[in-house]
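Worksheet: the structure to be examined is printed underneath.
The values are calculated or read from the model by the stated rules, or taken from the named source; none is laboratory data. Being a predicted model, the structure only gives us computed values, none of them experimental. Note that we place each Cβ from the backbone using ideal geometry, even for glycine, and neighbour counts take in every protein chain shown. Protein only, heavy atoms only, side chains kept; ligands, DNA and RNA dropped before computing areas. Shrake-Rupley method; radii C 1.70, N 1.55, O 1.52, S 1.80 Å.
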Amino acid sequence: MAQVVLITGGTMGIGLGLAKAFLAQGAAVAVCGRSREALDTFSRTYPAALAIQADVTNAADRAAMLDQVAKRFGRLDVLVNNAGRFIERDFTTGSDPAVDLEQEVALNLTAPIQLTSEVLVRWPALAALVFVTSGFALVSPTRAPTYGAVKAGLHGFAEGLRRQLTPKGIHVLELLPTTTDTPGTAHETRKKMTTEEVAAVTLKALAQRQPLALPGPMKFLPTLLRIAPQAASRMVANI
């Protein structure tokens with residue numbers, strides 16, 4: 001039977017790339033997002049998939065989303081915690097840089113932890129959990145230190161959770177994408193990977209039950225941080 005996959009933030013960017021890749025493999029896919037327009041566009045393009053309007057930071061929305069997945073598919077095999085937002089914050093300006101910090105932490109850290117907990121309660125025999133973090137989980141960016149903090153937190157959660165769940169046969173995969181061609185990076189001119197390339201690396205790592213999916217130059221980052229930590233940190237922090 002085809003796997004049932006739920007992808008948060010699955011109507012655009014990396015989430016959409018993953019949705020397309022799972023669909024191409026024959027999986028039954030559900031995505032969620034906040035934009036009705038984006039969800040409608042997704043549904044027209046992929047009518048076999050389930051598109052759910054939900055804010056993952058809202059407990060009632062998360063519960064209703066999982067109810068819809070259960071009603072449509074009867075189960076869930078793979079949860080992809082992808083929804084997130086990159087926010088730059090400058091703590092040297094003299095103004096308050098922590099405006100709306102609670103929302104940033106809720107979306108990028110608290111919500112994926114809460115959703116993971118709720119999914120495991122409903123489906124304790126889940127096949128896999130995927131967490132989309134960033135190279136900034138290992139080296140916090142100068143221009144967005146709170147983003148580095150929340151992604152580091154999610155990295156730590158995934159690492160500890162992997163130790164808990166491996167004996168139960170549940171695979172925990174962390175995806176650390178490099179700069180990817182998404183709406184959020186449209187203004188950037190440096191080289192980017194396509195969402196299709198990132199998705200291909202992710203699904204290969206998932207199939208091989210690897211702990212990390214490291215697309216493009218990310219595959220060198222853990223080694224560089226071991227052998228030349230200061231140089232690697234300077235390079236990544238100022239991207």
Q. For a paramagnetic label modelled at 7 Å from the Cα of T185 toward its Cβ, which residues of the range 195-229 fall within the zone defined by backbone nitrogen distances under 17 Å?
A. 195-203, 213-222
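Accessible area per residue for the range 171-239 in Å², computed with a 1.4 Å probe and the full protein assembly in place, what is it?
Heavy-atom SASA per residue in the range 171-239 reads 56 Å².
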Q | Along the chain, longest interval not containing exposed chymotrypsin sites (Phe, Trp or Tyr not before Pro), exposed being DSSP loop plus at most 16 other Cβ atoms within 10 Å | A | 92-239
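Take the chain, mark every one of the trypsin sites (Lys or Arg not before Pro) that falls in a DSSP loop and has at most 12 other Cβ within 10 Å, then report the longest stretch left between them, sites excluded.
Working: sites that count: R85, R190, K191, R209.
Here the longest run is 86-189.
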Q: Pick out which of L224, L107, L175 has the largest mean-square fluctuation in a Gaussian network model of the chain, springs linking Cα atoms closer than 10 Å.
A: L224
Q: Once you have the Kirkwood Rh of the chain from its Cα pairs, apply Stokes-Einstein at 4 °C and 1.567 mPa s and quote D in µm²/s.
A: 71
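Would you work out the Kirkwood radius for the range 1-113? I mean one over the mean of 1/r across all pairs of different Cα atoms, in Å. Kindly include the intermediate steps, with their values, before the conclusion.
On the way: mean 1/r = 0.0670 Å⁻¹.
The answer is 14.9 Å.
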Q.
Only Cα pairs within less than 10 Å get springs; with that Gaussian network setup on the chain, which residue of T185, T116, T11 has the largest fluctuation?
A. T185
Q: Please work out how much length the chain gains when fully extended from T194 to R209, using 0.36 nm per residue of separation minus the C-alpha to C-alpha distance, in nm with one decimal.
A: 3.1 nm
Q) By how many degrees, 0 to 90 and rounded to 10, does the Cα axis of helix 13-24 deviate from the longest principal axis of the chain? A) 40
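Pull out the extension gain between F86 and R163, defined as 0.36 nm times the separation in residues minus the alpha carbon to alpha carbon distance; nm, one decimal.
On the way: separation 77, 0.36 × 77 = 27.72 nm, distance 2.81 nm.
That works out to 24.9 nm of additional length.
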Q. Going 7 Å from the Cα of M235 toward and past its Cβ, which residues in the range 163-203 have a backbone nitrogen under 15 Å from where you end up?
A. 178-179, 191
(Q) Let's test the formula: R0 of 30 Å, r as the Cβ-Cβ distance of F220 and R143. What FRET efficiency results, to the nearest 0.05? (A) 0.85
**Q.** In the range 107-239, lysine pairs with alpha-carbon atoms under 23 angstrom apart (chain gap of 8 or more, or interchain)
**A.** 10
